[in-house]
Each structure stands twice: as structure tokens, then as C-alpha cells.
1. Using only atoms on other chains, find how many Cβ atoms lie within 10 Å of each Cβ of peptide A:94-103 and report the average.
2. Which residue, chosen from A:128, A:76, A:171, occupies the Cα position most advanced towards the positive end of the dipole of chain A, where the dipole is computed from +1 (Lys, Arg) and -1 (Asp, Glu) charges on Cβ about the Cα centre?
3. Run the numbers on chain A and let me know its relative contact order in percent, using alpha-carbon pairs under 8 Å that are six or more apart.
4. Considering only B:104, B:299, B:189, whose Cα is most displaced toward the positive end of the charge dipole of the protein assembly as shown, charges sitting on Cβ of Lys, Arg (+1) and Asp, Glu (-1)?
5. Kindly identify segment A:222-265 as rounded, prolate or oblate by the Cα gyration tensor criterion: order the square roots of the eigenvalues as a ≥ b ≥ c, call it rounded if a/c is under 1.5, otherwise compare a/b with b/c, prolate if a/b is larger, else oblate.
6. Got the relative contact order for segment B:74-191 handy, in percent, Cα pairs under 8 Å and 6 or more residues apart?
7. For chain B, give the share of DSSP beta bridges that are antiparallel, in percent and rounded to the nearest 5; count only bridges with both residues there.
8. At R0 = 25 Å, how high is the FRET efficiency between residue B:317 and residue B:132 if r is their beta carbon distance? Nearest 0.05 is fine.
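Computed from the coordinates by the stated procedures, all read-outs in this text should not be read as laboratory data. No experiment lies behind these values; they were computed from the predicted model shown. Because the Cβ atoms are built from the backbone with ideal geometry, glycine has one as well, and the counts that use them run over all protein chains shown.
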2 protein chains.
Amino acid sequence: MATRNIKEVAQLARVSVGTVSNVLNRPEIVSPATRERVFEAIKKLGFVRNEVARHLRVGRSRTVGLVVLDVSNPFFVDVAQGAEAVADGHDTMVVLCNSAGDPGRERRHLDQLEQQRVMGILITPVEMESPYLEELAARGTPVVLVDSPATGLQCSVAVDDRLGGQIAGAHLIERGHRRIIFVGGPPSIKQVADRHAGVTSAVAAADGAAELLTRSAPALTVAEGRAIGEHLAGLPAEERPTAAFCANDMMALGLLQAMATHGLRVPDDLAIIGYDDIDFAAAAAVPLSSIRQPRELLGRTAIDLLLEEVAEPEEHRHRQVIFQPDLVVRESSALRRA
Amino acid sequence: MATRNIKEVAQLARVSVGTVSNVLNRPEIVSPATRERVFEAIKKLGFVRNEVARHLRVGRSRTVGLVVLDVSNPFFVDVAQGAEAVADGHDTMVVLCNSAGDPGRERRHLDQLEQQRVMGILITPVEMESPYLEELAARGTPVVLVDSPATGLQCSVAVDDRLGGQIAGAHLIERGHRRIIFVGGPPSIKQVADRHAGVTSAVAAADGAAELLTRSAPALTVAEGRAIGEHLAGLPAEERPTAAFCANDMMALGLLQAMATHGLRVPDDLAIIGYDDIDFAAAAAVPLSSIRQPRELLGRTAIDLLLEEVAEPEEHRHRQVIFQPDLVVRESSALRRA
DNA sequence: TCGAGTATTTGAGACGATTCAAAAGAATCT
DNA sequence: AGATTCTTTTGAATCGTCTCAAATACTCGA
């Protein structure tokens, strides 16, 4: 109810509003006695600084918006935690917004964030091409693309997905698989397309004749992975691939579950390798091999770039940071038992 | 760079700032011709309304803060999605803040949100008693407690955890288990304590002599669950409980994984029942029985209460909504094979 | 005690949008 | 035409805080 303002504090402390503001922002230039008096008044009144008014004057808030493709995918949660960890040390708040893969929803979040004059936006865009993001940046809200191709017009952090696909493919080939399936999603998603391209090249480079099948689902979810798993389990053993490379761990977990319910063994009947290396991958009943992305680091770096741009808008040159993915071998792609 | 304001728009459209404001907020009272002219100017300049300034005048923003205990637990993500779904229809934005179980961090988030004069706060508090939340509410930021005991001084939504514990216990008893272990966490967490109390009463009510063991971990994570699982797997079969009731699904998944790596079968060697019924529970290699909480509904209801309070601050009476949990039986607690 | 120099404090504008009483303009009726 | 009513538009005041030039209060040496 009773929201106190700086003026009431000033009155009670018998100083001017300017002094109260100074106590709040540059306490060292205020004499200790006055400072004390002001603090007391603040406490007595339960005064809380109105950030809205503050930022009207100052220009921008210390809030960063992080718009992710899917909060229910732990990968993005980890990216967020990385960003939050850095933000914490710069008295900056990260707010998490979920576009859920819906361009309309993404747009509304972006509008809201821009209207609130956030300090900047980190985003995993739903669509590859998005002129709106460039307009946004041009109007003065710095944007950093996360886990997404660099357009050159803004900063971005990403992981080499083509390389990731290649590593996964090479690993399966090396384990003796010659009939591999790529379990993917909408090829309009850049990440999916790149991972596919990577595994394709690895399979093509194999000495023996190796074969790559492909199957795409409309979304990269556990349920979709399970559905594809059902399909594979239904195939006669001779036709069934011996290994599957999934576009992300969620799908891989779905596959794994389908195998279990049909009594097929992993990796003996089907080796599986996922992508992202979310914590649930290691915790799965058959621990999942996966292509690890530096999830927290991705978030950390993204916000570092943003803070840098905010700190020195003039000197700032947009950069595209690319990380290398890693292979994590676990049981789901272990050597097949004799 | 160039951030346009309402004045520039007014100039270009050759009207007063008041008219531009009207076009933005009550377009129907402006004549169509003028309205059109203003819209054109807005478009030409790429004008975006400054919400900060707007809310300085209007008082509060249309943003709701949702402070959760652990973003990496899908349970909270689902609660958030429920809240978001409702908010979406009330042109309100939900921002997700992660306290990660740390009171200091929770406090900083609350401060930030209050300073930003958010419309209200939904929170799963880290600690049971928190006078700070009451002060916050007294200073004018409505607070709704989520999945937490009602203090009577504010609104809350929760699920009857005692009942949940009871149902889980009764289910295991009914399945013939007489040696049950409760795998819990810090008893300072109200939810944990209640679930424990529930299962205790169910075991006590069993006709045959049933025994309840208890084991607490410092956190309700997969890793902690796995650690306890290792311990159980190491026990001689006669001493080992035949069923485990976990304080949440994360721990249950950990347990499950430990069983698998030690070659113990679920449910034959150890039946497991979790809590929350997160999606990963159904997707686990051995689909997990669980006590289902209406996750999205929890979020929906919480924000409903908040919106109600904001709409009619005077008539509003604080309410404590309590939902009933459900039992979902899956393979992990199926009848033991003969 | 005076004056120069330093340390504090003051208070009048911003900042950008909203409101609302009042002015201006149209339309309708005698 | 003039009075009356209704519709639009105007613009000054307001929200709470910050900034900065100017005013005031100290300190210290002569």
C-alpha cells in the first residue's frame, strides 16, 4: 500500500532529495553523519528504490532477457544457469522467457523486453533468418545469438554442430556400425541440419560401404523419440540399423525407452548416441553416449559478449564465438558384446 | 541507437502528444483520419513505446516474477508453463527467477523484482518462515506462495503432501511390501517433512507389522538419489528394503539408475515410487510410479489468485487452495513377478 | 580574522508517457 | 444565426529518481 518515495525520506532525514539520491548511488561523497541519518529514515519508512523511475532517467535497466527455444529441455536450463552465474557478479538479473518454438510467442517476448528497455537480449531464435532481430539491434537493444549461426551483424556464440555430427558418425563407424540412422527434427532448424551434414560426411568417409538412414520428427522431444523407437523396434533385425544418432538427448532418451519396453538391448541390438549431454543422459538407465556441448560456457560467453557491448558500445566489434563439441562415450554405444 | 519517443511521433503526425498517447491506449476515441496519420508516423520512425516511462506513471508493470527453488527440476518448469499459459491471455509476462535453494539469491531476486515494481510475485520459498515476504506484501507487492504452506496472510496454492505420502505408503503396503525406505531430503523443507509424515502414518496403519526406514540427502537431486541407491545396492538382500518412496522424481531416477548399474531389477528387487510425476518419470527405462501433482494447474491457479488480487485489491480475501495428489502406477512398482 | 581551497548539500531541470480539465471544432436543433 | 450538445484535440501537470551547476559549509594557513 504505502510506497514511500525519495522525497519522504528526504523530509524525514531533513536533507534534500539530491542528497538521498547521493546516499543511494555514491555514498562515499556524503558525510558520514548525513549518510547515517538518511539510512535511518530509509529503514524507518521501509523505503524501496523505484527502479522504474530510476531507469527512466538512466536509460536502461540492469535486466537481461534470455529467450530460449524450450525451457523444458535441460540443455537450455543449463545455458541459462551459466548466464545467470556471470550476471550475478555484475548486479544484473537474467529473466528467462520461453518461446516454445513458436515464432509468435518469441515475437511477443521480444516486444515486451524491448518495451521494458532491457539491457540486452540473449536468444536462441526459432527461425534462422530474422530481420526483426536486426531491427531490434538497430533500435538500440543489443542482441546476442546463442547456439545459433552468426549473421555477422551481431554477436553470437555457437558450437560447431557439423563437427559434432562428424564426431558422432566417426565414433559409430569406428565401433563397427555400417547401418546408421540419424534421428532428427525439422531440417529448418539450423542445428539439426548441421548435425545431419556432419554425420553424413563421416559416413561417406568410411572405408567400408556404410549406409545412413534418416528420419525426422516434427519436434525434438522425448515423445517423438519414443515414436521413432517404436518404429525401429518393429523392424526385422536384418533391416534395423545397428546404431542411431539422435539430434538431441531428449529424443535419444525416447528411443532408449522404446527399446527397453520392446526388450531390445542397448547397445547390443541398437547403439545410441545423443547430443547435448544433458544430465539426464548420464542418469539414464543405460547411460547415454552423447556429444557434449559446453552448456554453461555457452551462457557465460553470451552474456560476456553482451556486457562488453553494453560497456563500450563504440569500440565494440561484433564477434562470433564457436566452441568445439566433445564426444562422451558411455554404455549406450559401448563395444558390442561378442 | 535512435530511440524515438512519443514527442517525435507527435511532431511528424502534426498532433499533440496527448493524441498519440490516446491512439496507443484508447484508439477508439480518436478520429480515424488522425489515428491513421499517427500510425504511419509510428511506423516510419520505428517507434516503440517505453514501458518504463509508462509504468512510472501508471504505477505497476504487467510483469509477474516467478521465483522457483530449482529451475533444473522439470517440476518447476511445468509450474512455470502453467502460469505462463494464463499470463499470456492477460498480456502479462512471466519472468522466471531461480533461487537454486539459496536464501541469499532468493532475497536478491525479490529485491530486484520489488524495485522493478512488478505486478506481483509467485514464489516457492526456500525457507518456511519468511517475514520478508510479508513485509514485501505489506509494502504493496502481492505475493502468492506456490507449492508451499499457507500462512494465512497471503494467498497460496499447494498440494496435500501428507496425503501424497500416505497414498504412496498405502500403495506399497497393498503391493505386499513390509520393509519400506523413505528417501528424502532436508527435513527443513516442508514438502519433505509432510511427505514423510504421510508415509509414516500409512505404514503405521498397516495390519501386518511393516517397517519404515528413512534416509535423507542434503539435496533432492539425481546425484543424491544415485548415492543412496549405491548404498542400498550394497546391502545384503535380506536387509535391503523391498520398496523405496522418494521425495521427488529426481531422486527416484537416481535410485533407478543405481539399481540398473548394479544389476538389480526394478521392481523385482526394489520397487520404486517417486513424487511429482515429471515427464522424465514416464520416460524412464523402467517407467516410474509417482505421486502426481497437478503441475500446470498449480501454476495456473497461483497466477489466477494473483490477477484477482491485483484486479480488486479491496475486496480481495486471501485464499489457500489445496489440491489433492494422485497415484500413477507404472512399472517401477508393478506387482512383483512370482 | 580573512581568503583560498576543499567538501557537502541543494534544487531545478530532465527522462517519456499518461491523464484530464479545458479548449476547439462539428453537428443538430430552434 | 445562435444556442446546445457531442466529438476531438490540446497541453500542462504528474509519476519518482538522477544529474549537475551553483550555493553553502567547512578547513587551514597567513
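1. What the average comes to for A:94-103 is 4.
2. A:76
3. Over chain A, the number comes to 17 percent.
4. Of the candidates, B:104 comes out farthest on the positive side.
5. Because a/c hits 1.5 or more and a/b exceeds b/c, segment A:222-265 counts as prolate.
6. In percent, rounded to a whole number, it is 17.
7. Numbers: 3 of 40 bridges.
Percent antiparallel among DSSP bridges in chain B is about 10.
8. On the way: r = 23 Å, r/R0 = 0.91.
For residue B:317 and residue B:132, the calculated efficiency is 0.65.
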